[in-house]
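Computed from the coordinates by the stated procedures, all read-outs in this text should not be read as laboratory data. Being a predicted model, the structure only gives us computed values, none of them experimental. FYI the Cβ positions are ideal-geometry reconstructions off the backbone, even for glycines, and counts take in every protein chain you see.
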Amino acid sequence: MTVSLSADAQSRLDAHLDAVEQTLHRSGNARDQRRAIVDDLETHIRDLLAARAAEPSLADVEAVLAQMDPPAAYGAPAPTNAPKPIAPATTTPSATSIALYLFLACASFAALFALVLGAIWAIRRFG
Amino acid sequence: MYQYIALRGSDMAEQEKSREWTAPWVSQLRKGLLELLVLIALRREELYGYQVLQRLADLDGLALTESTLYPVLARLAADQLVAVRHQSSPAGPPRRYYRLTRAGHRRLEDMLAHWRSVNASIERMATDKKGATQ
């Protein structure tokens, strides 16, 4: 059975396929892969339309597209077997470690100050 | 009576929570098994994309949708694990029929052997009384 679509139905189908193709493009899929995926998808949609009517209307196209995944669902990164690069480890100082550094700095400064005062006192007392 | 209702409510809440926790794991498992499933579906016959989807949709717990399947078919074709034949269709553009290549058959046998080994190990551990009581 040959399926012919009205102009508005064809236009709606094309818009959906274009949106899928653009999502695949943004996700880094190569041109031939994008074409293969969109061709499989169009075959799928047209099979569903053919099961509904010989001349599917815009309403038929809308009903079929409502059953399908939205174009955004094709947004996963291009599938590959290549191992993912390991991101370098980043370390952000926590609030606890910042407080510890501040405490150690203050303690060191106080100890130095006490040492200087002690030295001055000793010089005056014995010198 | 009220205690029974409260207990039933708590059981249902726990079940619901468990399902929520399990759902991402099931999704990851399904993704990991997708390539194996597609290769199995194409093991004995040539199919076009929608037919592969229909074969896999019938299996319990493995329901897949087109947005996950068709990219995998395209990648398997790019990796030459499946070959593609175009055949004209009365419903629209030519259908892309997929069949396993020799490399695809080899990949499938390797994956199945690994899967059987992992599955046997899990079954052994899960049914081991010593492991279960510890």
Gain on full stretching of the segment that runs from B:Leu59 to B:Arg44 - 0.36 nm per residue minus C-alpha separation: 3.7 nm
Stretched fully, the stretch from A:Val116 through A:Ala19 gains (0.36 nm per residue minus C-alpha distance, one decimal, in nm) 27.4 nm
Gaussian network model of chain B, springs between alpha carbon atoms under 10 Å - residue of B:Gln87, B:Gln54, B:Gln15 with greatest fluctuation: B:Gln15
Cα centroid separation - the stretch B:41-78 against the stretch B:98-124, whole Å: 17 Å
Run the simple label-point estimate for B:Trp21 and A:Ala53 please: 7 Å along Cα→C-beta, distance reported in nm. 5.1 nm
Residue with peak Gaussian network fluctuation, chain B [Cα springs, cutoff 10 Å], from B:Thr68, B:Thr22, B:Thr101: B:Thr22
For chain B, with a Gaussian network of springs between Cα atoms less than 10 Å apart, report the residue from B:Pro90, B:Pro24, B:Pro71 with the top mean-square fluctuation. B:Pro90
Within 10 Å of each residue's Cβ, count the other Cβ atoms and sort B:Ile40, A:Ile120, A:Ile37, A:Ile45 from fewest upward. A:Ile120, B:Ile40, A:Ile45, A:Ile37
In the calculated pair distance distribution of the stretch B:36-132, what percentage of Cα-Cα distances lie above 15 Å? 67 percent
Please report the relative contact order for chain B, taking Cα pairs under 8 Å with a sequence separation of at least 6, and give it as a percent rounded to a whole number. 21 percent
The stretch B:61-134, relative contact order in percent, only Cα pairs under 8 angstrom and at least six apart counted: 19 percent
